[in-house]
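Asks: The structure is given below, and queries will be raised subsequently.
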Amino acid sequence: MGVKMKTTSKGEEHNSHPKGEEHNSHPPYVKIYVGLLVLTVLSVVISAIVHREYAPPFVFTISTIKGLLIALYYMHLKYEGRIIISLALIPLVIFAIILFIFMPDILSTVKQ
Amino acid sequence: MKAEGVREVEIQEIQIGQEYEKVGIPFQKIGFWIFLAGEIVILGGIVASVILFRLSYPHWFEESVHTNATIAFINTLVLLTGSLTAVLSHQSAFSYNWGKAQLFLGLTALCGLVFVGLKFVEYSREIHHGFVPSRNVFWMSYYTTTGLHGLHVLAGTLIIFGVMLYIKKKKVPEAVENAALYWHFVDIVWLYIFPLFYLT
Amino acid sequence: MGGSNMSGEHHREESFIKRYIFSTDHKVIGKQYLITGIVMAIFGGVLALFFRINLANPGFLSHEQYNAFVTLHGAIMFFWVAMPILLGGFGNVLIPLMIGARDMAFPTLNMMSYWTFFLSAVILILSMFVPGGAFSGGWTVYPPLSANPEVLIGAKWGANLFLLALAFEFASMLMGGVNFVTTVLTMRVRGLTFMRLPIFIWMEVIASLVFLFSVAPLIAGALMLLLDINLGTHFFRVEAGKAGDPILWQHLFWFFGHPEVYVILFPALGILAEVFTTYARRPIFSYKTFVYANIVAAILSFLVWAHHQFVAGINTISALGFSITTVLISVPFSMSLVVLGLTLAGGSIRFTPAFLFGLFAFLMFIIGGLTGLPLGAVASDIYFHDTYFVVAHFHYTVFTIAVLSSLAGIYHWFPKMFGRRINYTFGKWHAILTLVFYNGFAFPAFFLGLAGHPRRYYSALELGYLQKYQWIHELMTISTVLLLATQVVFIFVFFYSIFAGEKETEPNPWESTTLEWLAPSPPPHLNWGNFAPLVERGPYEYAKNGKDIDFIPQGRLVKLKGETAEK
Amino acid sequence: MLPVNISADGHLIDLVLKISIGGGIVIGIVSFAIVLYMIFKFRRSKNPFPLQDVPPLLKKVIYIDFAMIIFDLVLLVTSSYAWAYFYIRPIDKIKKEALQKGEKYVEVNVIGRQFFWTFIYPGEDGKFGTSDDFKLANVLVVPKNYYVFLKMTSGDTLHSLFIPNVRMKYDTIPGRTTYVWFKPTAEGQYDIACAELCGSMHYSMKGIMIVMEEEKYKEWIKNPIYNSEDIISMYEFKR
C-alpha cells in the first residue's frame, strides 16, 4: 500500500523546467564575446593614456557596460521573471547602501 | 484558483505531479539565484569597504603601480573566454546536446584552472618583492579582495567539475545553467576588481 | 478525513544512521535543530547564572572569565538558541507540512545545513578551551579590542574560533534560508495562493530573506577581522600612518545586527498569530495589514542600524537620520501588535499552556517595544547608551522571542511533532513561573539603567553612585537562579514526554485549520503518503458558520491517482 | 533613580527622557488594560462560541496606531532638537556664542587608556603646548558656571566618557578626536565612568569630576595639587 514517492524525482513532479520555452532566439554569444574583448582592451588603453587619478570614471563605466552585457545576455536576465530580477537587483541596492551611508564616517577624518 | 473549470469541491483525485501550484520557474533556478544574491552581497561588502578605504587613503596610486597589469589583463581574457564557453554549455544543455555541454564545461573549468595558476604566479612574485598584506592599505585590500575572488573562481571550477559528473547520470539542464551562472557572477566581480587594483 | 490509514505506511528500509543521524527528512532535521537549540539554551543559561552570581557578590569569577561568559552568553542566545529554534526547528518541521509539500526543495542541502550548524556549535564550545581562553570582547566583537591580540586576553585563538563558529553558523542558516524560500515559492500545494498562506509561513520567508541580505556584509567584515588578527593587516586596527577604522566594523556589524533581531522576531510573531487564532477561535483581525506591515518593517529594518552607534563617533547628522528611521519603525510593529491583540476580541479563549505563553510573550513584547523608543530617540540615548536600560530593553524583546514565543510554539506543535502530549498543569505552572522570574530579573534592570549603571561591569561596587544598588543585583541574581531552575525542570519534562508522554492519537487536538493538522501526528516519511492536501479557503476560517463547529479546515486530503512516481 | 542633573542644559535631555518613558508607560498601561479586558470578557467559560465579528467598541483600538504615530513625532521633534543643540552645532560656534553672552569657558583634553583617564589641562595661560600644561589621572577639575569643552581621543582601544550628573556620554576612539561640552552649575564631586567595554578592568575605570567656585579654581590652577583627596580636603568639600 505504501507508495514509494521518490523525493528526488521532484524535477518532474512540479515546476520542472518547461521544455524548450526560452532562448529560442539565441542572442549572438560570440558577437558579445568579441565586444567584451574590445571593451577590455579599450579600458586598458584609456587607463594608459589618461593619468591614473582621472581614469576611474571612464574605466568603471566600461566595466559597468561589460557587466550589463554579461548579466543581461549570458545570465539571461533579459528573459527572467520578476522574482529572479529582484533577486539580482536587491544586492546592488545593499551595495549602494553600504557604500554611501558609511561614507561620511569612514572619510570623516583624513588619516594621519 | 480553479483547476481547468472544475469546481474545487468536486475534485476527488489528482494526477500525480499535478498537485502543486504552478509557478513557472524551476526550483533549482530560484534556489541558485537566492544563493547567488547572498554571494553578491558578500563580495559587494568587501568591494564597498575597499572603495571606502581607497577614498580615505590618498596615495593609493603610487602603490597600485607595483601590481602586474599584464597578468591581470591575461586573466581578464581568460575569464571572458570562460564566460563564452559557459554560456555555450548552457545553450547546448538546454538543446539536450549533452556531449557539447560536457565539452564546453570542460573548457570553462580549464579557464578557471589557468586563472588560478596565473594568480599563484602573480602573488608569489609580489610577495617576493616584499609587498606583504600588512604593508599598507593598498596591499591589504588587494590581497583580501583578489584572494577572496580567486577562491571563488576555484569554487566555481569545482562546481563545474561536480556538475560534469552529475549530468552524466541525471540529465538536468538546470545544473549546467547554475554552473554557468556562478561563472558569470565571478566574471562580473572581476570586471570591477581589475580596474580597481590594476588600472587605476 | 482520510488521513488516518496512512500511519501504517512503513519507511523505506534505511539504516539507523540514515534515518536519524544523517536523515534528509525535514521533520527529523527540524527536531535536531530544536533539541540542539534547547541544549544550547541551557548552556547559555548556566553561563548567565555564573556571571549573575558574580554580579551579586563580585570575586566569584575572574575578570576575563566574566567578560568571556558575557560574550558567550550573548552570542549563544542569539545564534545558537534563537536562530536554530525559530528558523531551523520550527521552520524545517512546519514549512513543508503547512504548505502541503512532501519535503524541502533541497533535502540534502537541508541535512548539510544542520550538520554545519552542529559543527559551529562544537567549534564555539572548543573556543573556550584554546590557549588564551575564550574570546572576551563582547558578542559584538568590537575592534580594536578584538583585533589586537596583545590588548585583550583570549583575542588570538579565542577570537579566531569564535569568528569561525559564527561563519559556519551563518553558512548553515543561509542554506536553510535558501531551502525555505525556494520551498515556499515553488512547492505550495494546489489552491494555496500567496494570500492564503498561513502567517507563520509568510514570517519564515520574510525572516529568511532579511537574513540572506543582511548577513553578507558581516561575513565580509569577519573575513577582514580574521585577517587583522592573524596576518597583521589593519582594516580595523589603528596604527600611525596606516588607514584603519574601528567605526567601519561597527557599521558592518550593526548593518547585520539589527535586521538580525528582526529575523528572529518575525517567526515569533508568526507563532503568536497561529497560537492566538487557534486558541481564541477567531480569524486574525486583518490578514493583509499584518503581512504588509511586516514587509514594510522588513524593508525599513535595513535603514535603522546606526542607532547602536549614536555616541560612537558617527556623523551626527546621519545619526539624526537613523533616529528618525528607528522611531518610525515602531509604527509597522505597533500595527502588527494591534492586529494580533484584536484577534482575541470576540473569541472564546482556551487557556492552554501554549496560549498562556503566547499571551505572556505578547504582553512582554509590548513592554519591550515601548522601551525601545527611549533608546531610538537620539537625545535620550546619549544617557541610556550602554547602560542596564539597554540590557532590560533587549531582554524584554529577545527573551520574549527566544523563550516565551518558542515555548508557545513547542507546546502548540508538540502533539504534531512527537505524537505525545505534555502535561497541561505542568505547562501552565511553567508559563506562570517563567513569567514571574523573568520579570523579577529583567524589570529591575530598567531602574539600574535610569541610575546610569553601565553594562558589562564586572562589579558595581567600584563606582560610588552604584554601590547603593547592589541589592538590585542580588534580587536579579535570585530571579535568574529560579528562572534557570524552572527551565531545567521543563527540559526533563520535555524529554520525558517525547518518549513516555501520554499518546496523542487525534491528528488535530487543538481543532486548528492549517494544513499540518491534516497529517497524522507524528507525520510519516513524505508526510501525506498517497494523498495530497487540496486547499479550498483561507487559513483562519474560524467562527464562520453556525453554532455547532467553530472552524473549517483550510483544505482536505485528496487521493492521488496515476502510476507511482517510481520511474 | 535618575542622578541629580547639574548641567545647565541637562534639562533638555531630561525632558526627552520624561517624554519617551512617560509616553511608553501611558501607552503600555492602555494596551495592558485592553488585553486583560479582552481576556476576561472573551474567555471560553463566559463566551463558549466565538462571535462572528469583532465588537464595534473594540474596533476603535486601532486608534492606538495613530496615538503611536503622534507620540513618535513628538518624541522625534524634542529629541532631534536636543541632539542638534548638543552635538550638531560646531564646537567653535558654541564657543563664540558663549563669549558673546559674556560666559567664559575652559578646555580640557581627555585621553582614555586601558583602565584610566588622562585629563590634560592648558594651565594658567589657557593655551595648550605651553610649559605650564599639566596632566591629572582620573581627576577632572572644572570651574562652576563655565562652559567646559572636552576634546577626547583614546590611546589604545574604545572607551566612552560617561558623566551621569551632566547627562553626557561619548566614545573615545583611537585615531579620531571627538568633542563634548557641558556647563556645570553646582559645586561638588561627581562620578565619571567608562561605558564602552575596553577589557578586563573596564568596571574600575572610574574618575572624579570636581566642580569648584571660580576663585578656588583660579587659586588651584596656579599650583595644581595632583591628588584628588588633597584637592577635596584643601577646598573643604562636603562629601
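Asks: I'd like the GluC sites (Glu not before Pro) in the range D:1-110 restricted to DSSP loop residues with at most 14 other Cβ atoms within 10 Å, sorted by number.
Replies: D:GLU103
Asks: Go through the range C:143-224 and name the GluC sites (Glu not before Pro) that are in a DSSP coil and have 10 or fewer other Cβ atoms within 10 Å of their Cβ.
Replies: C:GLU150
Asks: Using amide H atoms built in the peptide plane, which far-off residues or other-chain residues are under 5 Å from B:VAL132 H to H?
Replies: Amide H neighbours of B:VAL132: none.
Asks: Sticking with this structure for a sec: For labels at D:ILE29 and D:ASN47 in the simple 7 Å Cα→Cβ model, what's the distance in nm?
Replies: Placing both labels 7 Å along Cα→Cβ, they lie 2.5 nm apart.
Asks: In whole Hz, what ³J(HN,Hα) sequence does the range C:260-268 give by Karplus (6.51, -1.76, 1.60; θ = phi - 60°), x for Gly and Pro?
Replies: 4, 5, 6, 4, 8, 6, 4, x, 5
Asks: Still on this model: Ranking request for peptides C:177-190, D:8-21: highest mean number of other beta-carbon atoms within 10 Å first, then the rest in descending order.
Replies: Result, highest mean Cβ count within 10 Å first: C:177-190, D:8-21.
Asks: Need one value for A:52-60: mean number of C-beta atoms belonging to other chains within 10 Å of its residues' C-beta atoms.
Replies: Whole-number average of other-chain Cβ neighbours for A:52-60 is 4.
Asks: Within 10 Å of each Cβ of A:68-81, how many other protein chain Cβ atoms are there on average?
Replies: 5
Asks: Return the average number of partner chain Cβ atoms within 10 angstrom of each residue Cβ along peptide D:200-208.
Replies: Across the residues of D:200-208, the mean count of other-chain Cβ atoms within 10 Å is 6.
Asks: At C:ALA500 and C:THR193, where each label point lies 7 Å from the Cα along Cα→Cβ, what is the point-to-point distance in nanometres?
Replies: Simple spin-label model gives 5.2 nm for this pair.
Asks: Right, something else. Here are some pairs, D:LYS93/D:LYS218; A:LYS31/B:LYS168; A:LYS78/B:LYS29; A:LYS78/B:LYS169; D:LYS18/D:LYS104; D:LYS127/D:LYS218; which of them have Cα atoms lying more than 23 Å apart in this structure?
Replies: Pairs exceeding the cut-off: D:LYS93/D:LYS218; A:LYS31/B:LYS168; A:LYS78/B:LYS169; D:LYS18/D:LYS104.
Asks: Cα centroid distance between the range C:407-429 and the range C:240-264, in Å?
Replies: Here the two parts' Cα centres lie 40 Å apart.
Asks: Of the options B:LEU77, B:LEU181, B:GLY147, report the single residue whose Cα projects farthest towards the positive end of the charge dipole of the range B:27-199 (beta-carbon charges: Lys, Arg +1; Asp, Glu -1).
Replies: Ranked along the dipole, the leading option is B:LEU181.
Asks: Of all the Cα-Cα pairs you can form in the protein assembly as shown, what percent are over 62 Å apart?
Replies: That fraction is 12 percent.
Asks: So, by mean Cβ neighbours within 10 angstrom, what's the order for C:266-274, B:55-63, C:134-142 with the highest one leading?
Replies: Listed from highest to lowest mean packing, they are C:266-274, C:134-142, B:55-63.
Asks: Considering the zone a paramagnetic label at B:LEU158 would reach in this model (a point 7 Å from Cα along the Cα-to-Cβ line), which residues of the range B:13-42 have amide N under 17 Å from it?
Replies: B:36, B:39
Asks: List, in order, the whole-Hz ³J(HN,Hα) value for each residue of the range C:392-399 obtained from phi through the Karplus relation with A = 6.51, B = -1.76, C = 1.60 and θ = phi - 60°; use x for Gly and Pro.
Replies: 5, 4, 7, 6, 5, 8, 6, 5
Asks: While we're looking at this one, here's another question. Compute the FRET efficiency between A:HIS26 and B:LEU77 as 1/(1 + (r/R0)^6), taking r as their Cβ-Cβ distance and R0 = 22 Å, and round to the nearest 0.05.
Replies: The formula returns an efficiency of 0.40 here.
Asks: D:TYR226 versus D:ILE88, label points 7 Å from Cα toward the beta carbon: distance in nm?
Replies: Result: 4.4 nm between the two label points.
Asks: In whole angstrom, note down how far apart the Cα centers of the range C:306-367 and the range D:85-159 are.
Replies: Spelled out, the Cα-based centre of one part sits 40 Å from the other.
Asks: Here is a follow-up. In sequence order, what are the phi-derived ³J(HN,Hα) couplings for the range C:342-356 according to the Karplus relation 6.51 cos²θ - 1.76 cosθ + 1.60 with θ = phi - 60°, rounded to whole Hz, with x for glycine and proline?
Replies: 6, 5, 6, 5, x, x, 10, 7, 9, 8, 7, x, 4, 5, 4
Asks: Another one. Name the residues of the range D:25-60 whose amide N is less than 16 Å from a point 7 angstrom out from the Cα of D:PHE66 along the C-beta direction?
Replies: D:57-60
Asks: FRET efficiency for C:ALA485 and C:GLU511, Cβ-Cβ distance as r, R0 = 30 Å, nearest 0.05?
Replies: Computed FRET efficiency for C:ALA485 and C:GLU511 comes out at 0.30.
Asks: Would you list which lysines come within 19 Å of C:LYS288, measuring only between C-alpha atoms, while excluding same-chain residues fewer than 8 positions from it?
Replies: By straight Cα distance, C:LYS288 reaches C:LYS544, D:LYS59, D:LYS60.
Asks: Now for a separate question. Please give the Cα centre distance for the range B:63-126 versus the range C:47-122, rounded to the nearest Å.
Replies: What the calculation gives is 40 Å, centre to centre.
Asks: Next up: Can you tell me the FRET efficiency between C:LYS468 and D:ASN138 if r is taken as the Cβ-Cβ distance and R0 is 22 Å, rounded to the nearest 0.05?
Replies: For C:LYS468 and D:ASN138, the calculated efficiency is 0.55.
Asks: Here is a follow-up. Report, for the protein assembly as shown, the % of DSSP beta bridges that are antiparallel, rounded to 5.
Replies: That works out to approximately 70 percent antiparallel.
Every number here is computed from the coordinates shown, using simple stated rules; none is lab data. Please read these numbers as outputs of a predicted model, since none were measured by experiment. When we count neighbours, we look across all protein chains shown, and the Cβ atoms used for this are built from the backbone with ideal geometry, even at glycine.
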